[in-house]
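What follows is a single structure, written as structure tokens, with notes after it.
Any read-out appearing in this document is the output of simple, stated calculations on the displayed coordinates, not a laboratory observation. Because the structure is a prediction, the values reported are computed rather than measured. Neighbour counts run over all protein chains shown; Cβ positions are idealised from the backbone, glycine included.
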């Protein structure tokens, strides 16, 4: 199976990439963590409400104490499957994933009140936007660090 397939399976469900890489214990632990955080934070219902534009209802339903853990578990699962399959050998290849996880967690924390262009994006859409921002910040940081190290 190709690395991109494992990467996409990890995006679908944290832990699947690990199972496909033969890292069974790690895969099962990530799947169990995903399930626990999903249930405790009401993530599936938050997704449904958000897709129907019911952002205020999603904000009221969200258990932020649990939801804050999701970006880190999710992005760690993706990065770990990617790395275990032999990808990510470039120096600092973890930075886009770590940066995306951190900034998406900030997005979760701010999602009940932070507006962009006057729009309240809520606990699903704002962290997704912040994942993209975080990945771009991580890619830029990776390039800058490598450039600085090469100049030394």
Packing-based exposure ordering (other Cβ within 10 Å, fewest first) of 130, 8: 8, 130
Volume in Å³ per residue [convex hull over Cα atoms, computed for the stretch 1-147]: 106 Å³
Cβ-based exposure ranking for 90, 6, 26, in which fewest neighbours within 10 Å come first: 90, 26, 6
Helix 95-110 vs. the chain, principal-axis angle (Cα, 0 to 90°, nearest 10): 10 degrees
Where a label projected 7 Å from the Cα of residue 56 along Cα→Cβ would reach, residues of the stretch 85-129 with amide N under 13 Å: 120
Ascending count of other beta-carbon atoms within 10 Å, so fewest first, for 103, 128, 59: 128, 59, 103
Distance in nm between pseudo-label sites at residue 32 and residue 114 (7 Å out along the Cβ direction from Cα): 3.2 nm
